[in-house]
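Notes follow once the structure below has been shown.
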Amino acid sequence: MRILKKLIFFFIGIIVLLLIAGLFVKKEYAVERAIVINKPKAEVFNYVKFVKNQDNYSVWNKKDPAMKKDYKGNDGQVGFVAAWDSSDKEVGKGEQEIVNIVDGDRIDMKLRFKEPFEAEDNAYMITEAVSPNETKVKWGFKGTMNYPMNLMLLFMDMDKELGGALDAGLKDLKTILEKP
């Protein structure tokens with residue numbers, strides 16, 4: 001019985017220690033990747049500003065081709081919402097809304113995840129002219145994990161988790177746009 005009590009107190013101590021640590025662990029994360037595409041900036045921006053085009057290059061959109069999709073508004077304009085619903089737990093259910101566009105330069109989106117967990121992230125795509133026929137595209141995410149969920153940031157490498165998917169998506173985007 002004493003061993004059982006010690007084990008219980010040990011596990012309670014670990015939980016309390018983690019909860020206290022969570023008060024001091026960062027809550028925000030940011031991940032960004034970039035690639036240079038051999039096309040003029042206007043052409044690249046006019047492709048990436050349309051959220052529906054992400055079906056062609058986003059790793060997440062390609063994970064479940066059978067997912068249900070619903071659209072509201074005009075794609076490529078502020079207020080456009082693309083919703084998805086997938087039985088694949090890696091895709092889940094949520095929506096993406098265009099919240100700001102700086103024509104030719106930047107598109108900002110709000111991601112609202114509903115399943116398998118609830119969260120909101122900010123995403124963006126930025127286009128920068130490297131030369132008249134080369135464009136750097138930056139794709140990034142910024143998010144917050146509130147206490148006590150922020151403890152997951154101790155064990156998850158968000159840069160690695162999200163960064164790999166962003167890299168793969170940008171490579172696919174480059175392939176699509178550079179096709180003759």
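So here's what we get for this one:
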{"quantity": "Lys/Arg +1, Asp/Glu -1 at C-beta; the chain dipole; positive extreme among VAL99, LEU111, ILE12", "calculated": "ILE12"}
{"quantity": "Selection from VAL48, ASN61, GLY143 lying farthest towards where the dipole of the chain points positive, charges on Cβ", "calculated": "GLY143"}
{"quantity": "The chain - charge dipole about Cα centre, Lys and Arg +1 at Cβ, Asp and Glu -1, debye rounded to 20", "calculated": "600 debye"}
{"quantity": "Those trypsin sites (Lys or Arg not before Pro) in region 40-79 that DSSP places in a loop and that have at most 12 other beta carbons within 10 Å", "calculated": "none"}
{"quantity": "Surface per residue (accessible, 1.4 Å probe) for the chain, Å²", "calculated": "61 Å²"}
{"quantity": "Estimated FRET transfer efficiency when R0 is 45 angstrom, pair ASN56-MET1 (beta carbons, to 0.05)", "calculated": "0.10"}
{"quantity": "For a label point 7 Å along the Cα-to-beta-carbon line of LYS69, residues of region 91-132 with backbone N under 14 Å", "calculated": "94-97"}
{"quantity": "Net charge, TYR29 excluded, C-beta distance under 15 Å - Lys, Arg +1, Asp, Glu -1", "calculated": "-2"}
{"quantity": "Potential extension, SER87-ASP108 segment - 0.36 nm per residue separation minus Cα distance", "calculated": "4.9 nm"}
{"quantity": "Carbon and sulfur %, accessible surface of region 98-146 computed with the full protein complex present, 1.4 Å", "calculated": "47 percent"}
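The values are calculated or read from the model by the stated rules, or taken from the named source; none is laboratory data. Note that this is a predicted model, so its numbers are computed, not measured. For neighbour counting, all protein chains shown are included, and Cβ atoms are generated from backbone atoms with ideal geometry for every residue, glycine included. Accessible surface is based on the protein model in full, side chains and every heavy atom, while ligands, DNA and RNA are left aside. Shrake-Rupley method; radii C 1.70, N 1.55, O 1.52, S 1.80 Å.
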